[in-house]
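Contents: one structure, followed by commentary.
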Amino acid sequence: MSEVKIQAESRTEFGKGAARRIRRADKVPAVLYGHGTDPIHITLPGHDIMLALKNSNALLTIDVEGSSQLALPKQVQRDPIKGFIEHVDLLVVKKGEKVTVNVPIIVVGEPGPDALVVTEHSYLSLEAEATHIPESVELDITGAEVGTQFHARDLKLPSGSLLQDDEDLMIVNVTNAPTAEQLDEELAEAEAEVGIEKAEHEEGIGGEAVETGDAEAAAAAEESDNA
């Protein structure tokens, strides 16, 4: 994983009001900490950090006041509605240092006929060097038959990475694809759970099913003929 350089600024104002002013300037308040050093409060350029954090394990080089620090995003706070970044916690790391991270699992390939792929876990916990964190782990399910299960131990890990999850952790389960009848049954059950019922029809003249409004109109017409 390549390093992303971010030019930061020292932050001396704190509190909600200061944070709002920082965000209005298209910047993000952040804190840099780790290795027994005092936390350093900084601001980051909003657009740059947004692009960098598209990878959750991005390795960042933070330049602030003439010094540089390698860091990993530890916690990212986002606005629950608009999704913009509100605050970032950055963990200082050193080259050669081992860190534990969650790495996404990418499932590739197509299973065998009549098979449905159920992903049980989308991330894998790995220990890796801070400067060599894999972007993802690939799982090839090409031709997998119904009943096949893939566990953490079945994954081919990148060189230098060690599994931190249980080896028996199920990643993918290949099951029978549901039939059209089963899908209809599941849909009917789901509709029943939320109180959705199909419109009922009333029996009209001649035993034919007609809508309620049509039945009322037919009854009115019959009264008129008998008058």
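The values are calculated or read from the model by the stated rules, or taken from the named source; none is laboratory data. Treat the numbers as computed from the prediction; the structure is a model and nothing was measured. Cβ: placed from backbone, ideal geometry, glycine included. Neighbour counts: every protein chain shown.
Here are the numbers for this structure:
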read-out	value
Boolean, THR37 is in contact with a strand residue (DSSP E or B) (Cβ under 9 Å, 6 or more places away or on another chain), of a type in the set (Ser, Thr, Tyr) and more than 22 Å from ALA128 (Cα to Cα)	yes
Identity of the residue in the range 49-67, in a strand (DSSP E or B) and touching an Asp or Glu at 6+ places or on another chain (Cβ under 8 Å), that ends up farthest from VAL93 (Cα to Cα)	VAL64
Residues (farther than 23 Å from ALA18 by Cβ and in contact with a Lys or Arg (Cβ under 6 Å, 6 or more places away or on another chain)) located in the range 45-88	THR61
Output for the range 84-95, where each listed residue is touching a His at 6+ places or on another chain (Cβ under 8 Å) and surrounded by fewer than 16 Cβ atoms within 10 Å (Cβ to Cβ)	LYS94
Candidate set from the range 96-105 (those that are in a strand (DSSP E or B) and without any contact (Cβ under 8 Å) to a residue 60 or more places away in the chain); member that is surrounded by the most Cβ atoms within 10 Å (Cβ to Cβ)	VAL103
Residue in the range 179-192 that is among the small types (Gly, Ala, Ser) and modelled with pLDDT under 75 present	yes
Matching residues, the range 57-83, being small (Gly, Ala, Ser) and either in contact with a helix residue (DSSP H, G or I) (Cβ under 7 Å, 6 or more places away or on another chain) or exposed (fewer than 15 other Cβ atoms within 10 Å of the Cβ) (or both)	ALA58, GLY66, SER67, SER68, GLY83
Subset of the range 39-56 [more than 16 Å from GLY83 (Cα to Cα) and crowded, with 19+ Cβ neighbours inside 10 Å]	ILE40, ILE42, THR43, LEU44
Hits in the range 53-63 - residues which are over 17 Å from the mean Cα position of the chain (by Cα) and of a type outside the set (Ser, Thr, Tyr)	LEU59, LEU60, ILE62, ASP63
Failed criterion for PRO113 (all others in (1) touching a residue at least 12 places away in the same chain (Cβ under 8 Å); (2) farther than 20 Å from SER56 by Cβ; (3) loosely packed, with under 12 Cβ neighbours inside 10 Å hold)	(1)
Per-region count, the range 116-132, residues touching a residue at least 60 places away in the same chain (Cβ under 8 Å) and part of a strand (DSSP E or B)	1
Residues that are touching a helix residue (DSSP H, G or I) at 6+ places or on another chain (Cβ under 6 Å) and part of a strand (DSSP E or B), drawn from the range 26-48	LYS27, VAL28, PRO29, THR43
Any chance GLU86 is over 30 Å from ARG11 (Cβ atoms) and either under 21 Å from the mean Cα position of the chain (by Cα) or assigned by TED's automatic domain parsing to the domain that holds GLU13 (or both)	no
Contacts under 7 angstrom Cβ, first residue in the range 25-46 being over 16 Å from VAL64 (Cα atoms), partner of a type outside the set (A, V, I, L, M, F, W, C), 6 or more apart	ASP26/GLY46; ASP26/HIS47
Complete set of residues in the range 142-196 that are assigned to a helix (DSSP H, G or I) and not aliphatic (A, V, I, L, M)	ARG153, ASP154, GLU181, GLN182, ASP184, GLU185, GLU186, GLU189, GLU191, GLU193
Some residue of the range 161-170 being touching a strand residue (DSSP E or B) at 6+ places or on another chain (Cβ under 8 Å) and free of Cβ contacts under 8 Å to residues at least 24 places away in the same chain	yes
